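The values are calculated or read from the model by the stated rules, or taken from the named source; none is laboratory data. Note that the coordinates shown come from a computational prediction; the quantities given were computed from them, not determined experimentally. Note that each Cβ is placed from the backbone with ideal geometry, even for glycine, and that neighbours are counted across all protein chains shown.
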Amino acid sequence: MNIPFLDSWRKRQGPARGAAAPDASDRDPEGLAELLSECELLRAHAQSAGVALDDAPTSLEALDQLQPRWREDPELVSWLGNDAGLYLGTVIVRTVAGAGWWIRQDGQPVVRLANGREIDVVEAGQAWAEDGAPELSRQYAEIAEN
């Protein structure tokens with residue numbers, strides 16, 4: 001999925017040499033993590049349902065319990081799914097030792113674990129927004145235990 005706000009971040013990081021996106025991730029990992037953690041649509045949607053998103057694993061459980069009213073609007077499903085994936089990634093990066101954001105060559109943000117495994121969290125968020133499965137909390141638990 002192409003994430004438009006990453007374009008401005010990439011421009012601020014300067015011209016690319018070779019594998020530009022991963023290089024940019026290495027130069028400013030905190031800035032990238034901050035940018036990807038915004039998830040404004042998801043945070044607003046959760047807040048309106050009385051759910052506080054504090055970047056902790058328990059907040060993923062609360063998201064899993066939301067009524068999926070967004071499924072009535074295909075455009076909202078896509079945007080909310082993107083945010084849900086980025087939020088899942090944010091929780092992983094902040095709570096799983098050695099996890100960090102990485103931008104693949106195609107521009108897709110993924111979470112890279114200490115063992116080198118890459119998790120396409122945006123894809124996971126899209127699946128959750130569309131079907132509710134797999135649950136975000138379950139995905140986190142599986143990742144955290146490995």
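Some values worked out for this structure:
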| read-out | value |
| --- | --- |
| Positions within region 40-92 being out of contact with any His (no Cβ under 9 Å at 6 or more places or on another chain) and acidic (Asp, Glu), in sequence order | Glu40, Asp54, Asp55, Glu61, Asp64, Glu72, Asp73, Glu75 |
| Of the criteria (1) among the aliphatic types (A, V, I, L, M); (2) under 18 Å from the mean Cα position of the chain (by Cα); (3) more than 15 Å from Trp101 (Cα to Cα); (4) at pLDDT below 55, which one Ala21 fails | (3) |
| Residue among Trp79, Trp128, Trp102 that alone is aromatic (Phe, Trp, Tyr) and in contact with a Gly (Cβ under 9 Å, 6 or more places away or on another chain) | Trp128 |
| Unique residue being in contact (Cβ under 8 Å) with a residue 40 or more places away in the chain and either within 18 Å of Glu123 (Cα to Cα) or of a type in the set (Ser, Thr, Tyr) (or both) when the list is Leu76, Leu88 | Leu88 |
